[in-house]
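Below is one structure, written out as structure tokens, with a few remarks after it.
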Amino acid sequence: MRLTNRIYLVGGGWHGFGLSHTLDCHVYLVDGGSEMALIDSGVGLEPERIHANIRADGLDDRKLKYVLLTHGHADHAGGSNYWKQHLGVQVIASAEVAQFVREGQEDSIGLDVAKSAGFYPADYHFQACPIDSELKEGDTFRVGACKLEVIETPGHCAGLLSYKMIDGGRTYLFAGDTVFHDGKILIITVYDCNLLQYMASLRKLAGLKIDALLPGHSSLVLDRGQAHIQKALDCLARMLMPPNLL
Ligand SMILES: [Zn+2]
């Protein structure tokens, strides 16, 4: 599903638009012309549906060179190995997330808790995947003609990266599970969800003049994205946590 000249939504499930498996996060594709990247990989169940969406959008999958992970939760990172096996992509993440995904320890990504909460079937297993390089705050990553700037936004979990991209005079934020439509956030009861880090990460997003807020779930915001981020910041200013997405 084409969102802009450069950005497509190629996957997303129950908390998205039903483009692919119900457990998939939003999977975005950045088309840099000579090469392309996915932002997050989906859960890894029926990844061929995402693959088919890429082709149905008229894109050449041989140009898909990278998967940039926002974080290690299974709905975002579980499909990484599929893209590496089928298209030989480089998988890229923060150092913390790289360790989780390389080792595939389910308790390190809160999958044990998420399974017992019923979010994943008991027979689902996270597929570990080699990570090719690691990113940190302030790094920039080129995907053909597109340049993504790395913003560390931990809090929802450890090692979460958001990616800012400026294209055609507009500013996009791939926010992972940091901030959503209407200023919602996603606090969950896993060991590495950290409220103080979460607040600091939200405050880092102040003043970025985001046009399009492209989060990991729920509605997409194609214009005035900063107003949605501001709504979360306004809650913090009143000594309250913003409302939770779930
Ligand atoms: Zn998450």
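We did not get these values from a lab; they are worked out from the coordinates using the rules stated. Computed from a predicted model, the values in this text were never measured in an experiment. Neighbour counts are summed over all protein chains in view; Cβ atoms, including those assigned to glycine, are modelled from backbone coordinates with ideal geometry.
Restricting segment 1-15 to residues that are touching a strand residue (DSSP E or B) at 6+ places or on another chain (Cβ under 8 Å) and part of a loop (DSSP other than H, G, I, E, B) leaves a set whose member that is nearest to the ligand (Cβ to nearest atom) is GLY12. Of all residues in segment 122-159, those satisfying the criterion of being touching an Asp or Glu at 6+ places or on another chain (Cβ under 6 Å) and either free of Cβ contacts under 8 Å to residues at least 40 places away in the same chain or within 22 Å of PHE180 (Cβ to Cβ) (or both) are GLU137, THR140, VAL150, GLU152, HIS156, CYS157, ALA158, GLY159. Contact map, segment 209-235: residues that are in contact (Cβ under 8 Å) with a residue 12 or more places away in the chain paired with residues that are outside any loop (DSSP other than H, G, I, E, B) and among the basic types (Lys, Arg), Cβ distance under 7 Å, separation 6+ or inter-chain. Pairs shown: ASP211/ARG170; ALA212/ARG170; LEU233/ARG203.
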